[in-house]
Amino acid sequence: MSAARRLERAGLLLGLCGVVWFLLTFLIFPLIAGLSVAFPGADSKGLFILAEELSAARRVREAVANTAWMTLATVFTVTVVGVLQVMFLDYFAIRGRSLLKIGFAVPLVFGSVVAAAGYRFVFGQTGSVTAVLTWLFPDLGSDWFEGFWAVLYAHTFLMTGLHYLFLRAALRRVDYSTVEAARSLGAKEHTILLRVVLPAVMPTLIAVTLLLTDTAMASFAVPEILGGRDFHMLSQMILKLNSLRRQDLAVILAMMFGVIVMSLIIASQIVEQRGRFTGGAKVPVPIQLKTIRNPVWNGIAHGIAYLFLAANVLPVLTVVLFSFAPAASIGVEIIPSSLSLQNYLKVFTDADVLQPLLNSVQMSGLAVFFGLAITLFSVPVMLKYDNWAARTLDLSFFLPWFLPGVLLAVGMILAFDTPNALVGGAILLGNWWIVPAAYTVIIMPLMVRFLRAAFVGIDPHYGEAAQSLGASALYRFRRISLPLILPTVVLLAGLKFNDLMTEYPVSAFLFNVNNRPLSLAIVDGARSADPEQRAVNLVYVTLIMVASMVIIVLAERLSMGRGPERNRL
Amino acid sequence: MKKTVLTSLAGLLALGGVVEADPLVVYSPQGGERAEWIAEQAAAAGHDIEILNAGGGELFDRLLAEKNNPQADVVFGLVDMAMSTLKSEGLFQSYTPTWADGLPDEYVDPDGIVHKFWQTPIVIAINTDKLSAGEAPKSWLDLTDPAYKGKYVVGSTSWQTTRTFLAGILARFMDENGKVSDEGWKFMETFYANAILANDGDSKTQAYASGDALIDLNWFGGAYRQAENVGYTVELIDTEGGTPFIAEGIAIMDGTDQLDQAKTFVDWFGSPEFMGAYATRFNQAPAHPEAIALAPTEVQEKAKLVTAQPVDWDLVAGRIDGWIQRIELEIK
């Protein structure tokens, strides 16, 4: 064994120890502490009684049924819209493509509470669409946008992000020479689509669909705000039970959830492994956008594309518009009657208003950095050593999805409220660092999931070639793997940063007087006596969305013109 | 409160090595301009405090979770039921502030731990532009009348206001052991079936803005504020059987290492002078009669508008979670 190899091995071991220490300290230990709160002195008989109590509750049963139906319906509609949007961008020649590209990227930055509120600005009782519709059809109640269909509609245009991210990439890697070959053999266009293109992107489509199922099942803000009185979903029930101090019931529901999510993850990993060495050209000929020759079909395609564009951007534009409006007009006026920079001035000149934004930028940034550092190291290692230890490590990253976030936060408090040997005998409770540590834990599942897909997609021949030329592991990682997965890394950074900037449940338990995060300010503003605070909130979310959009556009630029990558999610 | 190594290090660096006493950490659900104003006033009066504010529900859970190593020195602003539970969990220590003298009995803790400084009725307010006083409900129990179907909004059960009026209603059907009768639950079912439900502030406002909802079940100041935001004339109903009042309390944490500072702060905070100033600034009625006397006449007038419903909060505190659970899982 050469000195360099020995050094490499030592580095690997040290890194692994670090990762295991981090997971034990900030995930496993708090998790156990959290569970012990939920089930004080639990036994299996107790669990049975709790399960009975749950299944006896009418609204829990309704939530389960609603969630099942909504997930099925959402997967269907999102797949239709998501696939069409991707085809409008990267398969058919549609005029105004750069506009569509930005419009269809909206779901990546516009999510959760903000998005649901945006939908209500447009479709709610004082919304612009409602105003037009009730003028056309006076019999339509002003509360028409509520319940199952409203939630489904919002889901449909808020959850196409995965298609935008991964299906586009897959489509771009389809070797155009195969399409041309089929065409020259006389194949019809729809035959080419179904028999040539579809099989090539199928593994990606399946993986995207599985992840979409998770997202749809876990939906919280949209049903909470648009569900109305008769439609509620599981995540709402879990949080509600938690706030009723029935953490035991909440955990049982959350675990049921977790089991389904975990099986979906394992299923998608199997799909991923199977597709590992198939398809994809070594040097693909980039796909040529196809002009639809039949004018009627061409017109229809353009019509649908622009309709989707409108559906995507209308709610977000309304949110941005109201961020320039006087507070009193929010939720009262259909469109603001006057606009000014007043709200923005307030955010940037009032230190008390600006500080939470800065705190969150700092803590979310750190968490994204640590999260990427840990997962970028662990994922290739786990893929290389495909044994039980690697698999255990892999699955333990997903544990945060088994518990409601609140319980993880409570677990963190209990784990660190006394000197803890795992962190050198320090008391982390009340410490600035406990928030970024918790943030890191909660963003890791998705990072592992996506990075795994990205690493699996790297053609192993590159690594083998480099290795045969004597490149060290670190060198290979730095010069081959990292550049290939860089777009995914940047995207993940952007998405998770965006999420953390508005993370509430965990933040509310762990922050202290020195690091009050933005989400606390937002929630505080939403119920403040001072109406100006609500306007300030819209400024906050607009700023976050703009920042995330910049990151995503950057990632898109990075991923352009990268031939050799076979990023298959 | 003890600071941790890192933050103290940062503090030391910032202060260039000058060691200063730690500020008193105060947990309160009062945020925004109120928190800012209180902090300013406290600083002016020579109290070095840091207010940590979060939602009432989160703060409450957080205080319980931090039980082994409390991060707060003083808690204020949580309402009766929450303070009562925290007290029974042994989180507070007893201290009778200087202003306890002259405080009406209902605001004084017989155990000398939690003292109430501010109170507000949860009221039935009506939009008189569209509903005349004659048509308005006379009591909370009238709301199930078919005439009021779809005319009032019940907010999220995590809101303090909603929890309080639900408790106020169910307390009327409660026996001496705290058990609610079947009749009470029947009432609750109709009460929910007749209501417009809202999970968040925006959808509540919209229900009134669209003119569907005309009866507002709100805390006193909130009822006026909503009427102003939406733009209607509001009138409060002095209901038969009274209306539940909630009072916010203040208490010193058992684990504080700055007891003297905490005591001085509590004495100052609840004093009629500061409470009077608070009432003037935010148009709210204090609990202390001397503070009421210092409040603007408008506040004094409004304080007489409605009659209080007697509620045994200690009895309710232990049951409210179970009641809300039944509402959330079965009734809603």
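The values are calculated or read from the model by the stated rules, or taken from the named source; none is laboratory data. Fair warning: this is a prediction, and the values are worked out from it, not measured in the lab. For neighbour counting, all protein chains shown are included, and Cβ atoms are generated from backbone atoms with ideal geometry for every residue, glycine included. Please note that ligands, DNA and RNA were not included when accessible areas were found on the heavy atoms of the full protein model with its side chains. Shrake-Rupley method; radii C 1.70, N 1.55, O 1.52, S 1.80 Å.
For A:VAL208, which of the numbered conditions (1) facing chain B (nearest Cβ under 9 Å); (2) in a helix (DSSP H, G or I); (3) modelled with pLDDT of 85 or more fails to hold?
Failed condition: (1).
If a residue has to be out of contact with any Asp or Glu (no Cβ under 9 Å at 6 or more places or on another chain) and in contact (Cβ under 8 Å) with a residue 40 or more places away in the chain to count, how many in region B:235-270 make the cut?
Summing the residues that are out of contact with any Asp or Glu (no Cβ under 9 Å at 6 or more places or on another chain) and in contact (Cβ under 8 Å) with a residue 40 or more places away in the chain in region B:235-270 gives 17.
Restricting attention to region B:56-70, report how many residues are within 29 Å of B:ALA277 (Cα to Cα) and either touching a residue at least 60 places away in the same chain (Cβ under 8 Å) or basic (Lys, Arg) (or both).
The qualifying residues number 2.
Under the condition of being open to solvent by 10 Å² or more (accessible area, probe 1.4 Å) and farther than 12 Å from B:MET253 by Cβ, which residue from region B:66-90 is nearest to the chain's Cα centre (by Cα)?
Only one residue fits best here, namely B:ASP80.
Look through region A:464-519, keep the residues that are over 30 Å from A:VAL406 (Cα atoms) and part of a loop (DSSP other than H, G, I, E, B), and return whichever of them is farthest from the other protein chains (Cβ to nearest Cβ).
Here the residue is A:LEU469.
Looking only at region A:424-443, which residues are among the β-branched types (Val, Ile, Thr) and more than 11 Å from chain B (Cβ to nearest Cβ)?
Passing the criteria: A:VAL435, A:THR440, A:VAL441, A:ILE442, A:ILE443.
When region A:56-88 is examined, which residues are found to be under 31 Å from the mean Cα position of the chain (by Cα), surrounded by fewer than 17 Cβ atoms within 10 Å (Cβ to Cβ) and farther than 22 Å from A:GLY227 by Cβ?
Selection gives A:VAL80 alone.
Tally the residues that are buried (at least 21 other Cβ atoms within 10 Å of the Cβ) and of a type in the set (Val, Ile, Thr), restricting the search to region A:352-406.
5
Which is closer than 22 Å to B:ARG319 by Cβ, open to solvent by less than 30 Å² (accessible area, probe 1.4 Å) and outside the structural domain of B:MET275 (by TED's automatic domain parsing), of B:GLY168, B:GLY150?
B:GLY168
Looking for something on the phi < 0 side of the Ramachandran plot, away from every other protein chain (no Cβ under 13 Å), open to solvent by 20 Å² or more (accessible area, probe 1.4 Å) and touching an Asp or Glu at 6+ places or on another chain (Cβ under 6 Å) - is there at least one such residue anywhere in region B:192-211?
No, the conditions are met nowhere in region B:192-211.
Do we have A:PRO199 as out of contact with any Lys or Arg (no Cβ under 7 Å at 6 or more places or on another chain) and open to solvent by 30 Å² or more (accessible area, probe 1.4 Å) here?
yes
Within region A:347-358, take every residue that is within 13 Å of chain B (Cβ to nearest Cβ) and in contact (Cβ under 8 Å) with a residue 12 or more places away in the chain and give me the one that is nearest to B:GLY32 (Cα to Cα).
Filtering region A:347-358 for residues that are within 13 Å of chain B (Cβ to nearest Cβ) and in contact (Cβ under 8 Å) with a residue 12 or more places away in the chain, the one nearest to B:GLY32 (Cα to Cα) comes out as A:VAL353.
Do you know which residues across region A:163-180 are of a type in the set (Ser, Thr, Tyr) and not in a helix (DSSP H, G or I)?
Scanning region A:163-180 gives no hits.
Select from region B:280-328 the residues that are closer than 30 Å to B:ASP175 by Cβ, within 14 Å of chain A (Cβ to nearest Cβ) and surrounded by 18 or more Cβ atoms within 10 Å (Cβ to Cβ) and write down the one among them that is modelled with the lowest pLDDT.
Only one residue fits best here, namely B:ALA317.
So B:GLY16 ticks every box in (1) open to solvent by 30 Å² or more (accessible area, probe 1.4 Å); (2) at pLDDT below 90; (3) within 9 Å of chain A (Cβ to nearest Cβ) but one. Which box is left unticked?
It fails just one condition, (3).
So if I check each of B:THR243, B:THR256, which one is buried (at least 19 other Cβ atoms within 10 Å of the Cβ) and touching a strand residue (DSSP E or B) at 6+ places or on another chain (Cβ under 7 Å)?
Testing whether each residue is buried (at least 19 other Cβ atoms within 10 Å of the Cβ) and touching a strand residue (DSSP E or B) at 6+ places or on another chain (Cβ under 7 Å) leaves just B:THR243.
Of all residues in region A:129-157, count the ones that are of a type in the set (Ser, Thr, Tyr) and surrounded by fewer than 17 Cβ atoms within 10 Å (Cβ to Cβ).
The total comes to 1.
Looking for whichever is at pLDDT 85 or above and either at negative phi or in contact with a helix residue (DSSP H, G or I) (Cβ under 9 Å, 6 or more places away or on another chain) (or both) here; the options are A:ILE292, A:ILE334, A:ILE287, A:ILE270. Which one fits?
Exactly one of A:ILE292, A:ILE334, A:ILE287, A:ILE270 is at pLDDT 85 or above and either at negative phi or in contact with a helix residue (DSSP H, G or I) (Cβ under 9 Å, 6 or more places away or on another chain) (or both), namely A:ILE292.
Looking only at region A:202-216, count every residue that is of a type in the set (A, V, I, L, M) and open to solvent by less than 20 Å² (accessible area, probe 1.4 Å) and tell me the total.
5
Run A:ILE94 past the list (1) open to solvent by 20 Å² or more (accessible area, probe 1.4 Å); (2) more than 14 Å from chain B (Cβ to nearest Cβ); (3) more than 17 Å from A:PHE157 (Cβ to Cβ); (4) not polar (S, T, N, Q) and report the number of the one that doesn't hold.
It is condition (1) that A:ILE94 fails.
May I ask you to list the residues in region B:34-52 that are outside any helix (DSSP H, G or I), more than 7 Å from chain A (Cβ to nearest Cβ) and free of Cβ contacts under 8 Å to residues at least 60 places away in the same chain?
Selection gives B:GLY46, B:ILE51.
Could you name every one of the helices (runs of 4 or more DSSP H) located completely within region A:49-162 that has at least 1 residues being not assigned by the TED database to the domain that holds A:ASP214?
Qualifying helices (runs of 4 or more DSSP H): A:58-90.
Take region B:110-144 and flag every residue that is open to solvent by 60 Å² or more (accessible area, probe 1.4 Å), touching a residue at least 12 places away in the same chain (Cβ under 8 Å) and in a loop (DSSP other than H, G, I, E, B).
B:ASP111, B:ASP129, B:LYS130, B:GLU135, B:LYS138
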